[in-house]
Every structure is written in C-alpha cells, then in structure tokens.
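Novice: Pasting in a structure now, in structure tokens, and then I'll have a few things to ask.
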Amino acid sequence: MRRDRARAGYALLGAAGLVAGIWLAWFGAWVLGWSMDDLGIRPREFRGLIGLLTAPFAHASFEHLMSNTLPLGILAALTLYAYPRATRYALPLIWLASGLGVWLWARPSVHVGISGIVHGLMFFLFVMGLLRRDRLGIAIALMVFFLYGSMLMTVLPRDPDVSFEYHLFGALAGIAAAIALFRFDALPPRKRYSWEDEDEAAQSNDDELEPPSPSDVPVLWDGPNHPRETSGDNIVAFPLHRPDRPTLH
C-alpha cells in the first residue's frame, strides 16, 4: 500500500509538472509578447530544428492550450503510474521522434502544440496493455481507448489548420516505444483465487483414490502347483477342461 501511494504521488507530480510547463510557457510568451512561431517546428529549415525541443510548449491560442491540458494530465499520470521505468525512456523518445518526423516530412508550415506528445502517450498506453496483458495494463488500455479512442481519426488529414503530421508521428513514436519498452517494468504479482486451491486439493484427493499399479498389488493366493514367478508376466495357467469330469452350471 505504501509503495502504491508513492507511485501515485510520483505520477501526479510528474503530470502536474508537464501541465505547469506548457501553461508557464504560454503565459510567459503572452506577457512578454513573444511569437509562438519562433518556438515551432519549421519542416526542413535549419532554424526550425529548435522546435524539436520547444514546439510542445508553444500553442497557437488559449483554446489550443485548453484542449491539450486535460488529456495531457490524464495520460501522463496514467503512464507514470503504470510504467514508471519505461516512461523515463518513452517520453523523451516520443518527444524527439515525433518532432523529427514532422521536421522531415510535414507540410511547409509552423507546427506547435503538445498534441503530438498526447497522441504518443495514448498509443503507448494502449499498445502496452495489448503486449503485457496484465490486469493493470489491460484496464488502462481500455480506459484510454474509451476516453480518447477518437485519436485514431485525428492522425489523418482533416482540418488544414491542424497538424495531423504531429499527431501521426507522435502515435507512431508511441507504438515504437511500447514495443521496445514493454518489458522494462516488472509484471504485478499474480493474484491467486480460492478456487485454484480447491482444484489442487481435488487433484491431490484424486491421486489418493487412484488404484495402485498391478505390479504393486500383493498376491492373495499362490497355489502350491503354481508358484508365483519373480520375473515375467506372472500368468497362472488354468487346467484344460476334461470331458470325463462334470461341469457345474
């Protein structure tokens, strides 16, 4: 229980730090009058490489920031709680790989926002549950699919003002991270149910009732004319029927 509370506190603190980071970046840029375009990714431009690190902190509007806040907090908390060791590598991988994919193949524009990271975390959690197949992983995979399953559609081009490339490469990075890191965190101990003990008890009772092997059964009668052989099949030969003797019916 103490360890579980520590993991929950670690997850909430880490998720709160990510959410606070994007809010502080947006608020600082708004107060100082900075342009968010300077922090975004500009595909195939050398100066746009800085966006690999800064683009997730930049948002085009307050509505854009609000739309990413809640899913980022929920998905980051679930990821840090369920897979604390794998997340140390998965989050930087998703962060950099999604930005690099945008810089290499996206449309000529300025791409900003942390929605690529959000998509990466959602796909990471879903694929981790499919690969690990433990109770916690499956429960979280079903939860995130129920809450954010619509992200499957947002990786396709729909709105020209939305960077579907960031969503797509974030999702691909999340899948790749899950495949590479699903063994990093130990599986939780398997719960043993009462009926499993009953099955073992029944099996032991069945073993007690199993008849012994014929070679272990002692001979109850060993006639003088047919002594038991110590080797071979131990077959007792019955005398043949003689026609001059009566038979009983």
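Novice: Rank-order 107-114, 170-177 by packing density, defined as the average count of other C-beta atoms within 10 Å over each peptide's residues, highest first.
Specialist: Values: 107-114: 20.1, 170-177: 24.4.
So the order, starting with the most tightly packed, is 170-177, 107-114.
Novice: Let me ask something additional. Which order do LEU156, LEU121, LEU78 fall in if you start with the one that has the fewest other Cβ atoms within 10 Å? Write out the running numbers ahead of the final one.
Specialist: Details: LEU156 9, LEU121 31, LEU78 24.
In order of increasing Cβ crowding within 10 Å: LEU156, LEU78, LEU121.
Novice: Separate question: Please give the peptides 84-92, 178-186, 161-169 ranked by average Cβ packing (other Cβ atoms within 10 Å per residue), highest first, as a rough proxy for protection. Don't jump to the answer; show the numbers that get you there.
Specialist: Numbers: 84-92: 17.4, 178-186: 15.4, 161-169: 21.7.
By packing density, highest mean first, the sequence is 161-169, 84-92, 178-186.
Novice: Sorted from fewest to most neighbouring beta carbons within 10 Å, what does the list TRP23, TRP95 look like?
Specialist: TRP23, TRP95
Novice: Go through 44-54, 130-140 and give me the packing order, highest mean Cβ count within 10 Å leading.
Specialist: Listed from highest to lowest mean packing, they are 130-140, 44-54.
Novice: Let me ask something else. Under 20 Å from a point placed 7 Å out from the Cα of SER150 along the Cα-to-Cβ direction: which residues of region 54-78 have their backbone N that close?
Specialist: 60-76
Novice: Further, regarding this structure: Say a paramagnetic label sat at a point 7 Å from the Cα of LEU100, along Cα to Cβ; which residues of region 133-173 have their backbone N under 19 Å from it?
Specialist: 165-173, by backbone N distance to the label point.
Novice: If you rank MET36, MET143 by fewest surrounding Cβ atoms within 10 Å, what's the result? Let's see the in-between values first.
Specialist: Numbers: MET36 21, MET143 15.
Listed from fewest to most nearby Cβ atoms, that is MET143, MET36.
Novice: Then there is this: Using only Cα positions of region 25-154, each an equal point scatterer, no hydration layer, compute I(q)/I(0) via Debye at q = 0.12, 0.16, 0.19 Å⁻¹ and quote the log10 values to two decimals.
Specialist: -0.49, -0.83, -1.07
We did not get these values from a lab; they are worked out from the coordinates using the rules stated. These numbers come from a predicted model, not from an experiment. Note that we place each Cβ from the backbone using ideal geometry, even for glycine, and neighbour counts take in every protein chain shown.
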